[in-house]
1. Out of the residues in the stretch 31-57 that are crowded, with 16+ Cβ neighbours inside 10 Å and among the β-branched types (Val, Ile, Thr), state the one that is nearest to Leu105 (Cα to Cα).
2. With the condition kept exactly as written, say whether any residue in the stretch 75-90 is over 15 Å from Asp11 (Cα atoms) and either among the polar types (S, T, N, Q) or modelled with pLDDT of 95 or more (or both).
3. May I ask you to list the residues in the stretch 1-21 that are of a type in the set (A, V, I, L, M, F, W, C) and either crowded, with 22+ Cβ neighbours inside 10 Å or closer than 15 Å to Ile67 by Cβ (or both)?
4. For the stretch 58-115, what are the residues that are exposed (fewer than 14 other Cβ atoms within 10 Å of the Cβ), touching a residue at least 60 places away in the same chain (Cβ under 8 Å) and small (Gly, Ala, Ser)?
5. For the stretch 37-47, check the following and say yes or no: at least one residue is within 17 Å of Tyr6 (Cα to Cα), among the β-branched types (Val, Ile, Thr) and under 16 Å from the mean Cα position of the chain (by Cα).
6. Provide a single number: the residues in the stretch 63-115 that are closer than 13 Å to Gly39 by Cα and not β-branched (Val, Ile, Thr).
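The values are calculated or read from the model by the stated rules, or taken from the named source; none is laboratory data. As the structure is a prediction and not an experimental result, all values here were calculated from the model. FYI the Cβ positions are ideal-geometry reconstructions off the backbone, even for glycines, and counts take in every protein chain you see.
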Amino acid sequence: MASILYVQTSDQQERQYSPLVLAQSAKAMDIDAKVYYLGQGLRVLDPDNDFKIGDFPSFQEMLRRTIEMGIPVYVCEASTQMLGWEKVELTPDLKTVGAATLNDLTLEADATMWF
């Protein structure tokens, strides 16, 4: 099975939907999809930080749908430390992982897309 890793590094709201929409589309195409949040990209994962752009569902709803489809969503532990997020409670279904995991996921994927 082909695999794609989508990496989100930005906290700009207008850049948040692409990796989730593409991951959901990949899953529907029977492609193994994974999403990884890194650096400033983590800021959008705060459950209290929800937003909606255009006719799309809210970001938190898109994230929930992605997870419900069985697409793993990873969060860089080093980035949580960089942001001082030791006390921020993220959605339990997000997988906080070490920085080396991104290297492993990249090497395992057939393709990567960075946002």
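1. Per the stated criteria, the residue is Val35.
2. Checked the stretch 75-90: at least one residue is over 15 Å from Asp11 (Cα atoms) and either among the polar types (S, T, N, Q) or modelled with pLDDT of 95 or more (or both).
3. Let us first name the residues in the stretch 1-21 that are of a type in the set (A, V, I, L, M, F, W, C), namely 1-2, 4-5, 7, 20-21.
If the condition is that a residue be of a type in the set (A, V, I, L, M, F, W, C) and either crowded, with 22+ Cβ neighbours inside 10 Å or closer than 15 Å to Ile67 by Cβ (or both), then Leu5, Val7, Leu20, Val21 are the ones that fit.
4. If the condition is that a residue be exposed (fewer than 14 other Cβ atoms within 10 Å of the Cβ), touching a residue at least 60 places away in the same chain (Cβ under 8 Å) and small (Gly, Ala, Ser), then Ala111 is the only one that fits.
5. Within the stretch 37-47, the subset within 17 Å of Tyr6 (Cα to Cα) is 37-45.
After this cut, where a residue has to be among the β-branched types (Val, Ile, Thr) as well, the list is 44.
Adding the requirement that they be under 16 Å from the mean Cα position of the chain (by Cα) leaves 44.
The answer is yes, given that some residue of the stretch 37-47 is within 17 Å of Tyr6 (Cα to Cα), among the β-branched types (Val, Ile, Thr) and under 16 Å from the mean Cα position of the chain (by Cα).
6. 15
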